[in-house]
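Mind looking over this structure? Questions follow.
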Amino acid sequence: MSFIEQERALFDLLFDAELRTAFISDPKTALQNYALSAEELADFEVIRPDALSIDAQMRRSMILSQLTRSYPMSLSLLSYLENGLETTKLWITSALMQSPPKQRPLLFGQSMAAWLKQYSF
């Protein structure tokens with residue numbers, strides 16, 4: 001039994017909102033793209049959906065507080081835009097978290113820049 005695929009699935013459950021929503025509705029279907037044995041899949045049956053959601057929210061908030069330190073002026077601007085600060089939470093994804101830690105602020109900033117292009121200043 002290898003825990004690597006279980007770790008990958010759990011990581012994605014924490015940082016992929018769509019997967020988390022699918023998992024809450026139907027765990028087996030949501031995890032079908034992971035190479036999990038029946039025994040490994042059974043481990044996920046004991047995860048409480050509410051606890052998973054809380055854990056994901058707490059992690060996202062902690063990571064967001066670290067990333068936003070690199071962009072104090074940009075965050076000030078975002079706070080004035082409709083759903084600006086809420087949108088930043090959407091940029092904390094599995095892809096971002098799989099990137100090397102030193103690259104995360106840059107990738108986060110690129111997401112912010114792309115989102116801000118929809119506004120005219």
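So which of Leu52, Leu90, Leu41, Leu106 ends up being over 17 Å from Asp12 (Cα atoms), in contact with a helix residue (DSSP H, G or I) (Cβ under 9 Å, 6 or more places away or on another chain) and in a helix (DSSP H, G or I)?
Leu106
Just checking, how many residues over segment 107-117 are exposed (fewer than 11 other Cβ atoms within 10 Å of the Cβ) and more than 17 Å from Ser76 (Cα to Cα)?
Residues flagged as exposed (fewer than 11 other Cβ atoms within 10 Å of the Cβ) and more than 17 Å from Ser76 (Cα to Cα) within segment 107-117 amount to 0.
Confirm whether Gln118 is under 20 Å from Ala17 (Cβ atoms) and out of contact with any Ser or Thr (no Cβ under 9 Å at 6 or more places or on another chain).
In short, no.
A follow-up question, please. Would you check which residues across segment 13-25 are of a type outside the set (Phe, Trp, Tyr) and open to solvent by less than 70 Å² (accessible area, probe 1.4 Å) and list them?
Leu13, Leu14, Asp16, Ala17, Leu19, Arg20, Ala22, listed by residue number.
Right, Met112: in a helix (DSSP H, G or I) and either in contact with a His (Cβ under 9 Å, 6 or more places away or on another chain) or in contact (Cβ under 8 Å) with a residue 60 or more places away in the chain (or both) or not?
Taking the combined requirement at face value, the residue does not satisfy it.
Which pairs turn up if I take residues in segment 56-78 that are over 15 Å from Phe15 (Cα atoms) and at pLDDT 90 or above and look for partners that are open to solvent by less than 90 Å² (accessible area, probe 1.4 Å) and of a type in the set (Ser, Thr, Tyr) with beta carbon separation below 7 Å, at least 6 apart in sequence or on another chain?
Qualifying pairs under 7 Å: none.
Go through the residues of segment 56-71 one by one and say whether even a single one is surrounded by fewer than 13 Cβ atoms within 10 Å (Cβ to Cβ) and of a type in the set (A, V, I, L, M).
Yes, the conditions are met somewhere in segment 56-71.
Something else now. Among the residues of segment 33-53, how many are out of contact with any Asp or Glu (no Cβ under 8 Å at 6 or more places or on another chain) and either open to solvent by 90 Å² or more (accessible area, probe 1.4 Å) or over 28 Å from Leu90 (Cβ atoms) (or both)?
Total meeting the criteria: 10.
The values are calculated or read from the model by the stated rules, or taken from the named source; none is laboratory data. Keep in mind that what you see is a predicted model, and the values were worked out from it rather than measured. Glycine also receives a Cβ, built like all others from the backbone with ideal geometry; neighbour counts cover every protein chain displayed. Areas reflect the complete protein model, heavy atoms only, side chains present, ligands, DNA and RNA absent. Shrake-Rupley method; radii C 1.70, N 1.55, O 1.52, S 1.80 Å.
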